[in-house]
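Below is one structure, written out as C-alpha cells, with a few remarks after it.
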Amino acid sequence: MSVPVIGDGERRARLGRRQLLAPSVRAARVEDVADAVVGLHATDAATVYLSACARLAEPSAAEVDRALYEDVSLVKLLSMRRTIFAVTEGLAPYVSSAAARAIAAKERATLLKHLRDHAEGWDEARLAEAEREVLAALAGRGEATTKELSEDVPQLRETMLMSAGKAYEARQSVGSRLLRLLASDGHVRRCRPRGSWLSSSYPWALVPQWPEVPVREAKAEVVRRWLAAYGPATVEDVKWWTGWTLGDVRRALADLGALDVALAGGAPALVLPGDEGPVAEPEPWAALLPALDPAVMGWRGRDWYLRPEDVPALFDRAGNAGPTVWWCGEVVGGWTQRADGEVVWRLFRGAGAEAERAVAAEAERLAGWLGEVRVTPRFRTPLEKELRG
C-alpha cells in the first residue's frame with residue numbers, strides 16, 4: 001500500500017504556520033512561542049529574545065523577561081544535544097527526564113575526573129558536600145552569583161588547569177563548572193542578568209523540584225511535541241535533534257505509533273497519527289531569524305529550505321547557523337545589525353519585489369523593538385561578518 005507523500009511546499013506551509021512565522025499566526029505570549037518550537041535555543045542569550053520576538057505579534061524584550069525571570073514560566077535546561085534550551089514549565093519535567101538528567105550524570109563524572117586530575121583533595125564525597133553547601137547558601141541568600149556564592153563556599157574559588165601544555169591551556173574555576181552541573185541537574189536556574197538582557201553575568205536561584213517522569217514516557221512526550229512542530233521528519237532528523245541513540249529514537253516513535261509518509265523524492269519520513277493530511281498555506285511571509293534559531297537548526301536534512309551552496313556563508317565551521325533571512329519557508333539570505341543599529345541584509349537570489357518589501361518591513365520591525373540594543377551573535381559566520389563591515 002502506498003504511503004502519503006508530503007512535498008516541500010507542504011513542509012514550508014507547515015513551518016510557517018506551526019512555528020508561528022506567518023504574521024497571521026504570531027503569538028501574544030512567549031510561552032506559546034516556546035511550545036510551538038518545543039524549546040528556544042538558549043546557548044546564546046540573545047537568541048531566546050530574537051527568536052521569540054520574531055514570532056510575537058507585539059515583539060518586546062520585556063515579554064521574554066517576564067517569562068524567564070518574573071513568572072519563571074520558561075526554564076533553561078542543558079538538554080538535547082548538550083545544548084541549552086528554554087522550555088516551558090509544563091514541558092520541563094519531560095525534558096529533564098528525557099535528556100537533561102543523563103547529561104548531568106555525564107557532566108558530574110567529567111567534572112569529578114577533572115577535579116581528581118587537576119585539583120587537590122577532591123573526590124566524590126567532597127564534590128557532593130560542595131553541592132550541598134551551595135544549595136544551602138542559595139536557600140539563605142535567595143539568589144547569588146557564582147562569585148557571591150564563593151564567599152559562603154570557598155572551595156568554589158579553587159581552579160583546575162585545563163588542556164595543560166597546549167596553546168589554549170587555561171585555569172577554570174570549580175564554581176563555574178559546579179553551578180553549570182547543578183543547573184543541568186534541575187536544582188538551580190539562571191536569574192535576571194546583572195546588566196542588559198544580553199549580559200552573561202547572572203545570579204542563580206533554587207528551582208522547585210519537578211515531578212518525576214519515567215524516562216521512556218518522557219522521551220515519547222518530547223518526540224511527540226517535536227513531531228507536531230517539525231513533522232514530517234526522518235528518523236535521522238529526530239536522532240540529530242535529540243542527540244539520543246538510534247534505539248531510543250525508534251522506541252519513542254514506536255510508542256507514539258508514528259505513521260510512515262514519503263517526502264519529495266520518495267525518502268521515508270514520519271508524522272504523528274492523523275497528521276498526514278495537508279494544511280492550509282499561510283499568507284506570504286518573511287522573517288529575520290537569529291543565529292541558532294529553532295527553524296534553521298530543526299532538521300538534519302535541510303535541502304528543502306536551505307540550498308547547499310548557501311551553507312558556507314551562513315554557518316560557522318562547527319555547524320552553528322548565523323542570522324538568516326526567510327521567504328515563505330526558504331532561507332534566501334542573511335542579515336546582521338551594524339554598530340550604528342542599522343539592520344542590513346543580503347539576498348542570495350532574486351526573490352521578487354514582494355519578498356524584498358516584506359524583508360525590509362521585518363528589518364524595520366526588528367530595529368524598532370531593539371531600539372538602542374546592539375546584538376552580536378556569539379557564533380560569527382562569514383556572511384554576518386561581511387555584512388557588519
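Considering the stretch 48-61 alone, what residues qualify as being touching a Phe, Trp or Tyr at 6+ places or on another chain (Cβ under 9 Å) and either part of a helix (DSSP H, G or I) or among the charged types (D, E, K, R) (or both)?
Scanning the stretch 48-61 gives Val48, Tyr49, Cys53, Glu58, Ala61.
Tell me, yes or no, whether the stretch 193-202 has at least one residue that is among the aliphatic types (A, V, I, L, M), under 30 Å from Asp316 (Cα atoms), surrounded by fewer than 20 Cβ atoms within 10 Å (Cβ to Cβ) and at pLDDT below 95.
Yes, the stretch 193-202 contains a residue that is among the aliphatic types (A, V, I, L, M), under 30 Å from Asp316 (Cα atoms), surrounded by fewer than 20 Cβ atoms within 10 Å (Cβ to Cβ) and at pLDDT below 95.
For the stretch 95-121, which residues satisfy the criterion of being surrounded by fewer than 21 Cβ atoms within 10 Å (Cβ to Cβ) and either part of a loop (DSSP other than H, G, I, E, B) or hydroxyl-bearing (Ser, Thr, Tyr) (or both)?
Selection gives Thr110, Ala119, Glu120, Gly121.
Is the stretch 38-60 home to any residue that is β-branched (Val, Ile, Thr) and out of contact with any Leu (no Cβ under 8 Å at 6 or more places or on another chain)?
No, the stretch 38-60 contains no residue that is β-branched (Val, Ile, Thr) and out of contact with any Leu (no Cβ under 8 Å at 6 or more places or on another chain).
Go through the stretch 50-88 and give me each residue that's under 24 Å from Arg18 (Cβ atoms), of a type in the set (D, E, K, R) and at pLDDT below 95.
Lys76, Arg81
Look at the stretch 84-110 and say how many of its residues are of a type in the set (A, V, I, L, M, F, W, C) and more than 23 Å from Asp44 (Cα to Cα). Show your work before the answer.
Let us first name the residues in the stretch 84-110 that are of a type in the set (A, V, I, L, M, F, W, C), namely 84-87, 91-92, 95, 98-100, 102-105, 109.
With more than 23 Å from Asp44 (Cα to Cα) added as a condition, the list becomes 105, 109.
Counting residues in the stretch 84-110 that are of a type in the set (A, V, I, L, M, F, W, C) and more than 23 Å from Asp44 (Cα to Cα) gives 2.
So Gly277 clears everything in (1) small (Gly, Ala, Ser); (2) within 26 Å of the chain's Cα centre (by Cα); (3) under 13 Å from Arg11 (Cα atoms) except one condition, right? Which one?
All conditions are met except number (2).
Of everything in the stretch 340-379, what is more than 24 Å from the chain's Cα centre (by Cα) and of a type in the set (Phe, Trp, Tyr)? Give them in sequence order.
Phe348
Across the stretch 1-23, what is the total count of residues that are closer than 14 Å to Trp326 by Cα and among the acidic types (Asp, Glu)?
Adding up the residues that qualify gives 0.
Are any residues in the stretch 217-273 part of a strand (DSSP E or B) and more than 20 Å from the chain's Cα centre (by Cα), and if so, which ones?
Matches in the stretch 217-273: Leu259, Asp260, Val261, Ala262, Leu263, Pro268, Ala269, Leu270, Val271.
Asp316 is checked against (1) more than 18 Å from the chain's Cα centre (by Cα); (2) closer than 25 Å to Ala42 by Cα; (3) not hydrophobic (A, V, I, L, M, F, W, C) and fails just one. What number does that condition carry?
So Asp316 meets the others, but not (1).
Out of all the residues in the stretch 1-26, which are in a loop (DSSP other than H, G, I, E, B), modelled with pLDDT of 95 or more and more than 18 Å from Leu272 (Cα to Cα)?
If the condition is that a residue be in a loop (DSSP other than H, G, I, E, B), modelled with pLDDT of 95 or more and more than 18 Å from Leu272 (Cα to Cα), then Leu20, Leu21, Ala22, Arg26 are the ones that fit.
For residues that are part of a loop (DSSP other than H, G, I, E, B), closer than 19 Å to Ala105 by Cβ and touching a Ser or Thr at 6+ places or on another chain (Cβ under 7 Å), tally how many sit in the stretch 168-211. Full working, then the answer.
In the first step, residues of the stretch 168-211 are kept if they are part of a loop (DSSP other than H, G, I, E, B); the result is 168-169, 185-187, 191-203, 207-211.
If we keep only those that are closer than 19 Å to Ala105 by Cβ too, we end up with 185-187, 207, 209-210.
Now drop any that are not touching a Ser or Thr at 6+ places or on another chain (Cβ under 7 Å), which leaves 186, 210.
Selection size over the stretch 168-211: 2.
List the residue pairs whose Cβ atoms are under 7 Å apart, where the first residue sits in the stretch 27-42 and is free of Cβ contacts under 8 Å to residues at least 24 places away in the same chain and among the hydrophobic types (A, V, I, L, M, F, W, C), the second is surrounded by fewer than 24 Cβ atoms within 10 Å (Cβ to Cβ) and in a helix (DSSP H, G or I), and the two are 6 or more positions apart or on different chains.
Pairs found: none.
Identify the residue in the stretch 147-171 that is at pLDDT 85 or above and acidic (Asp, Glu) and, among all such residues, is nearest to Trp122 (Cα to Cα).
Taking the candidates together, the pick is Glu158.
The values are calculated or read from the model by the stated rules, or taken from the named source; none is laboratory data. What you see is a predicted model, and the numbers here were worked out from it, not measured in a lab. Here Cβ is always computed from backbone atoms with ideal geometry, including for glycine, and neighbour counts include all displayed protein chains.
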